[in-house]
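*Asks:* Sharing a structure, written as structure tokens. Questions coming.
The values are calculated or read from the model by the stated rules, or taken from the named source; none is laboratory data. All values derive from a computational prediction rather than experimental measurement. Note that each Cβ is placed from the backbone with ideal geometry, even for glycine, and that neighbours are counted across all protein chains shown.
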2 protein chains.
Amino acid sequence: MNNGFVIKGNICQTKSPKELDLHEGAFAVCVDGLSRGVFGTLPEEYACLPLYDYGDALIFPGMVDLHVHAPQYAFRGTSMDLELMDWLNRYTFPEEEKYEDLEYAERAYGMFVDALKRGATARSCIFATRHRYATELLMQQMEDSGLVSYVGKVNMDREASSTLTEDSADISAYTTFGWINAVKDKFKNTKPILTPRFIPCCTDKLMEELREIQMTYGIPVQSHLSESRGEIDFVKILRPDNPFYGDSYNEYDLFGKNDDTNTDVKTVMAHCVWSTDEEIELMRKNGVFVAHCPASNINLTSGIAPIRKYLELGLNIGFGSDVAGGHSESMFRAITDAIWVSKMYFRMVDEAYKPLVFSEAFYLATKGGGAFFGKAGSFEEGYEFDAVIMDDGVIPHPQSLTLAERMERAVYLGLDEKNITAKFVAGRKVI
Amino acid sequence: MNNGFVIKGNICQTKSPKELDLHEGAFAVCVDGLSRGVFGTLPEEYACLPLYDYGDALIFPGMVDLHVHAPQYAFRGTSMDLELMDWLNRYTFPEEEKYEDLEYAERAYGMFVDALKRGATARSCIFATRHRYATELLMQQMEDSGLVSYVGKVNMDREASSTLTEDSADISAYTTFGWINAVKDKFKNTKPILTPRFIPCCTDKLMEELREIQMTYGIPVQSHLSESRGEIDFVKILRPDNPFYGDSYNEYDLFGKNDDTNTDVKTVMAHCVWSTDEEIELMRKNGVFVAHCPASNINLTSGIAPIRKYLELGLNIGFGSDVAGGHSESMFRAITDAIWVSKMYFRMVDEAYKPLVFSEAFYLATKGGGAFFGKAGSFEEGYEFDAVIMDDGVIPHPQSLTLAERMERAVYLGLDEKNITAKFVAGRKVI
């Protein structure tokens with residue numbers, strides 16, 4: 001057994017949403033990029049492997065960000081007084097136009113990738129822009145970082161500025177074919193994902209083309225769904241025959257597993273704040289992943305997604321930072337934000353849906369979203385080996401804390417933005 | 001003119017809630033601890049004063065925290081899955097009991113004061129515990145820090161654990177007399193404030209004693225009001241004759257300016273989440289300050305205070321971090337949290353009350369709360385000179401930003417927790 005190693009420290013994870021799984025001074029073993037489990041005493045068979053001893057540090061599974069816009073990182077934390085459609089037209093679309101310029105793209109994407117690498121995120125689903133070459137450049141940077149990601153060249157052939165919108169559905173499709181051919185086998189950790197921006201920006205013809213492309217390459221799909229009321233009203237006008245927003249994706253077999261057409265497309269939809277019962281039922285049936293983006297939903301005054309309800313119904317759920325609707329790329333922040341909005345939903349909207357507790361939110365940020373990548377977000381045997389090591393000794397404290405308290409405090413106080421001392425992704429040390 | 005200095009940089013403030021007041025490469029002049037205003041060109045009369053040139057840095061007025069519990073700093077960011085009354089009994093009260101031990105108090109308070117000093121807060125209203133000597137120790141530490149504060153020894157003679165509760169109203173009052181006599185003239189920047197914990201912890205007899213003490217010394221008052229529904233229900237049982245919670249304080253002349261008794265007591269009440277119209281009207285009439293604590297109100301699932309409504313009615317309003325109900329002492333975080341909860345209130349509860357915009361929230365964190373200290377939270381002429389200098393160059397960015405964008409971004413990205421390079425409080429350099 002050569003291709004492996006062991007890390008030692010205080011291992012904190014959530015095998016199930018209901019409880020923390022804590023191991024003080026324990027060993028996590030990685031062989032061939034996969035976890036062999038967590039051990040209080042290192043089994044003899046792994047004694048020959050190199051050991052990284054992190055002493056009293058905290059060890060978490062790598063976080064999973066199911067929804068983030070790389071080109072929006074540049075203006076995060078600004079222009080937060082607007083709602084979605086105004087924010088898109090006044091800030092987002094003009095910024096995204098700049099990625100036609102590869103020099104700008106290299107500089108701006110470099111900052112995004114660097115931040116992601118330094119933080120706690122191991123895996124992510126990333127929107128680029130409509131620009132093929134800037135997207136390839138981003139994919140190369142992501143590959144170089146050692147992180148794992150799906151990256152999407154955006155498709156959009158209507159309803160944005162003329163410079164950002166692609167000239168036609170045909171051109172959008174043609175560029176997308178070229179892009180997928182160029183990248184599909186190029187990288188180990190960075191894969192293409194089909195990325196219709198959202199229904200308002202995609203003509204029926206483009207959606208038809210995207211169905212063809214998906215069938216040709218069998219790649220997954222990411223998009224936005226039922227984020228804000230203004231957007232939903234607009235979709236109703238654009239697609240009056242669909243009974244609900246999500247049906248517009250499903251019609252083109254871009255919405256999970258469709259029994260009617262016998263297709264199965266791994267799909268993640270961001271937001272799902274205002275999904276109707278019909279839409280929720282279709283997401284459940286089709287196994288569509290919900291990327292819950294609490295910070296974005298508040299910053300853009302979109303609303304609060306009823307995550308407790310989705311949990312009870314057994315939907316696939318993870319979190320998205322949704323930079324720059326969300327102003328931070330930190331998934332620790334997403335954990336506490338998700339708890340926050342669930343508390344407000346419970347108290348101010350519907351007491352039938354209890355707030356998320358810490359273990360549930362931590363689970364969603366790791367194993368919940370990790371399921372989109374197969375088996376990720378845990379140190380259980382057979383999972384991809386992603387680990388984040390933090391020294392919480394930098395937070396002064398007058399007395400000893402339990403490991404559960406240290407774990408919760410590291411997340412609430414945002415230790416991922418301050419003090420990640422080592423990081424492994426897919427069994428490789430990236431920091 | 002000897003006792004003064006000038007600072008130069010990008011000055012960002014809010015003279016009114018409705019707009020940012022921005023000055024690139026401008027001069028702020030301090031003489032005798034007070035601001036002489038902001039100038040694009042330095043007037044001749046100040047040319048002889050020493051100049052601190054902060055180059056391209058951002059300069060904000062010092063922040064004002066109207067509600068924070070120093071002894072709770074030690075467990076911030078832990079045990080956040082509980083509501084108020086459970087959280088008090090299971091975590092807060094046991095922790096506060098430790099402040100009987102002066103060695104523990106010195107160590108724990110030292111960490112709190114150090115964090116406050118390194119952050120953007122210039123002025124604060126602080127709860128200590130019921131312990132006189134630990135409170136005096138905290139006051140000495142605050143004075144040594146150079147920050148300005150009101151600090152309160154807590155009064156509580158019922159409904160907490162027997163070790164934390166004071167043995168009787170008489171003993172509580174006697175200790176409070178001793179404490180005030182010892183500290184009232186001892187410090188320049190650190191003053192005592194009368195601090196009944198809240199009605200559930202104060203017998204009628206204690207409230208009567210506190211009225212006497214307030215009349216004797218004329219010191220201000222801080223307490224909690226209408227934070228959670230469980231608490232309000234409990235107050236109704238304890239004080240059935242008061243038509244609303246705030247009336248229980250008013251009955252003892254501890255609720256602002258009382259025309260009936262011709263008394264005028266500067267008062268700040270934390271939370272006011274569920275205040276009735278009658279209570280709101282009395283706060284307005286009496287000039288009571290509301291310390292809005294959005295992070296705490298969400299963490300403890302208390303609710304959302306209708307701050308837009310209070311603004312429209314002309315109430316005095318500032319923000320409180322409410323550590324450890326709030327998990328961060330950052331007032332930058334309080335600014336964005338206040339915007340957040342106002343957005344959720346608007347979208348999910350009542351669209352009649354528009355969300356706070358950035359300039360309004362910044363105003364409340366500076367001039368709004370600053371009014372409790374006289375004239376503070378602005379560089380306008382005659383204001384106490386509190387300034388926070390930050391180098392936002394540490395946040396990489398691919399292109400130039402406007403000063404307004406830089407100001408907003410510094411707050412959203414929490415630059416106060418990372419990069420304060422200099423700080424002045426009451427005209428004195430403390431960092």
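*Asks:* Quick one: in the range A:340-356, of everything that is assigned to a helix (DSSP H, G or I) and more than 7 Å from every other protein chain (Cβ to nearest Cβ), which residue is farthest from residue A:413 (Cα to Cα)? Don't jump to the end; show me each part of the working.
*Replies:* Residues of the range A:340-356 assigned to a helix (DSSP H, G or I): A:340-349.
Adding the requirement that they be more than 7 Å from every other protein chain (Cβ to nearest Cβ) leaves A:341-342, A:345.
Numbers: A:341: 18, A:342: 19, A:345: 23 Å.
Taking the candidates together, the pick is A:345.
*Asks:* Taking interchain pairs and intrachain pairs at least six residues apart, which have beta carbon atoms under 8 angstrom, with the first residue in the range B:254-278 and assigned by TED's automatic domain parsing to the domain that holds residue B:126 and the second in a loop (DSSP other than H, G, I, E, B) and of a type in the set (Val, Ile, Thr)?
*Replies:* B:255/B:288; B:256/B:288; B:267/B:288; B:268/B:288; B:269/B:288; B:273/B:304
*Asks:* Here is a follow-up. Could you name every one of the helices (runs of 4 or more DSSP H) located completely within the range A:222-332 that has at least 3 residues being farther than 24 Å from residue A:149 by Cα and modelled with pLDDT of 95 or more? Talk me through it step by step, then tell me what you get.
*Replies:* Details: elements: A:229-238, A:245-250, A:277-286, A:294-299, A:307-313.
The qualifying helices (runs of 4 or more DSSP H) are A:229-238, A:245-250, A:277-286, A:307-313.
*Asks:* If you don't mind, there's one more thing I want to ask. Any idea which of (1) touching a residue at least 12 places away in the same chain (Cβ under 8 Å); (2) over 21 Å from the mean Cα position of the chain (by Cα) is the one residue A:352 doesn't satisfy?
*Replies:* The number of the failed condition is (1).
*Asks:* Kindly provide the set of residues from the range B:359-371 that are in contact (Cβ under 8 Å) with a residue 60 or more places away in the chain and either touching a helix residue (DSSP H, G or I) at 6+ places or on another chain (Cβ under 8 Å) or surrounded by fewer than 23 Cβ atoms within 10 Å (Cβ to Cβ) (or both), ordered by number.
*Replies:* B:359, B:360, B:362, B:364, B:365, B:371
*Asks:* If you don't mind, another one. What's the number of the condition residue A:399 fails, among (1) in the same structural domain as residue A:20 (by TED's automatic domain parsing); (2) farther than 18 Å from residue A:22 by Cβ; (3) part of a helix (DSSP H, G or I)?
*Replies:* Tallying (1) in the same structural domain as residue A:20 (by TED's automatic domain parsing); (2) farther than 18 Å from residue A:22 by Cβ; (3) part of a helix (DSSP H, G or I), residue A:399 fails exactly one: (3).
*Asks:* Here's another thing I want to ask about it. Out of the residues in the range B:77-122 that are modelled with pLDDT under 95 and touching a Gly at 6+ places or on another chain (Cβ under 8 Å), state the one that is farthest from the other protein chains (Cβ to nearest Cβ).
*Replies:* The extreme case among them is B:85.
*Asks:* Report, by residue number, each residue of the range A:327-339 that is within 13 Å of another protein chain (Cβ to nearest Cβ) and in contact (Cβ under 8 Å) with a residue 40 or more places away in the chain.
*Replies:* As a first pass, look at the range A:327-339 and keep what is within 13 Å of another protein chain (Cβ to nearest Cβ): A:327-330, A:332-333, A:335-339.
If the condition is that a residue be within 13 Å of another protein chain (Cβ to nearest Cβ) and in contact (Cβ under 8 Å) with a residue 40 or more places away in the chain, then A:327, A:328, A:329, A:330, A:332, A:333, A:335, A:336, A:337, A:338 are the ones that fit.
*Asks:* So, residue B:143, is that one more than 13 Å from chain A (Cβ to nearest Cβ) and out of contact with any helix residue (DSSP H, G or I) (no Cβ under 9 Å at 6 or more places or on another chain) or not?
*Replies:* Considered against the rule, which asks whether it is more than 13 Å from chain A (Cβ to nearest Cβ) and out of contact with any helix residue (DSSP H, G or I) (no Cβ under 9 Å at 6 or more places or on another chain), residue B:143 comes out as yes.
*Asks:* Check every one of the helices (runs of 4 or more DSSP H) wholly within the range A:66-158 and list those with 3 or more residues that are assigned by TED's automatic domain parsing to the domain that holds residue A:168 and either charged (D, E, K, R) or out of contact with any Leu (no Cβ under 9 Å at 6 or more places or on another chain) (or both).
*Replies:* Numbers: elements: A:84-87, A:93-97, A:102-118, A:132-145.
Because the criterion is at least 3 residues that are assigned by TED's automatic domain parsing to the domain that holds residue A:168 and either charged (D, E, K, R) or out of contact with any Leu (no Cβ under 9 Å at 6 or more places or on another chain) (or both), the helices (runs of 4 or more DSSP H) in the range A:66-158 that meet it are A:93-97, A:102-118, A:132-145.
*Asks:* Anything in the range B:147-192 that is surrounded by fewer than 23 Cβ atoms within 10 Å (Cβ to Cβ) and of a type in the set (Val, Ile, Thr)? List them, or say none.
*Replies:* B:163, B:165, B:171, B:175, B:180, B:183, B:190
Residue-by-condition table, conditions (1) within 20 Å of the chain's Cα centre (by Cα); (2) at pLDDT 95 or above; (3) among the polar types (S, T, N, Q):
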| site | (1), (2), (3) |
| --- | --- |
| B:373 | yes, yes, no |
| B:396 | no, no, no |
| B:404 | no, yes, no |
| B:419 | no, no, yes |
| B:425 | yes, yes, no |
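*Asks:* Whether any residue in the range B:112-132 is crowded, with 20+ Cβ neighbours inside 10 Å and more than 18 Å from the chain's Cα centre (by Cα) is what I want to check.
*Replies:* Taking every residue of the range B:112-132 in turn, at least one turns out to be crowded, with 20+ Cβ neighbours inside 10 Å and more than 18 Å from the chain's Cα centre (by Cα).
*Asks:* Any chance you could count how many residues in the range B:28-65 are touching a residue at least 24 places away in the same chain (Cβ under 8 Å) and either in a strand (DSSP E or B) or within 14 Å of another protein chain (Cβ to nearest Cβ) (or both)? Please lay out each step first, then the result.
*Replies:* First, pick out the residues of the range B:28-65 that are touching a residue at least 24 places away in the same chain (Cβ under 8 Å): B:28-38, B:42, B:45-46, B:48-65.
So of that shortlist, the ones also either in a strand (DSSP E or B) or within 14 Å of another protein chain (Cβ to nearest Cβ) (or both) come out as B:28-31, B:34-38, B:51-61, B:63-65.
The qualifying residues number 23.
*Asks:* Another question, then. If I filter the range B:67-76 for residues that are closer than 27 Å to residue B:20 by Cβ, in contact (Cβ under 8 Å) with a residue 12 or more places away in the chain, buried (at least 20 other Cβ atoms within 10 Å of the Cβ) and within 14 Å of chain A (Cβ to nearest Cβ), do I get at least one hit? Walk me through how you get there before you give the answer.
*Replies:* From the range B:67-76, those closer than 27 Å to residue B:20 by Cβ are B:67-68; that's our starting set.
Pick out the ones that are also in contact (Cβ under 8 Å) with a residue 12 or more places away in the chain and you get B:67-68.
Now restrict to residues that are buried (at least 20 other Cβ atoms within 10 Å of the Cβ): B:67-68.
Adding the requirement that they be within 14 Å of chain A (Cβ to nearest Cβ) leaves none.
The answer is no; no qualifying residue exists.
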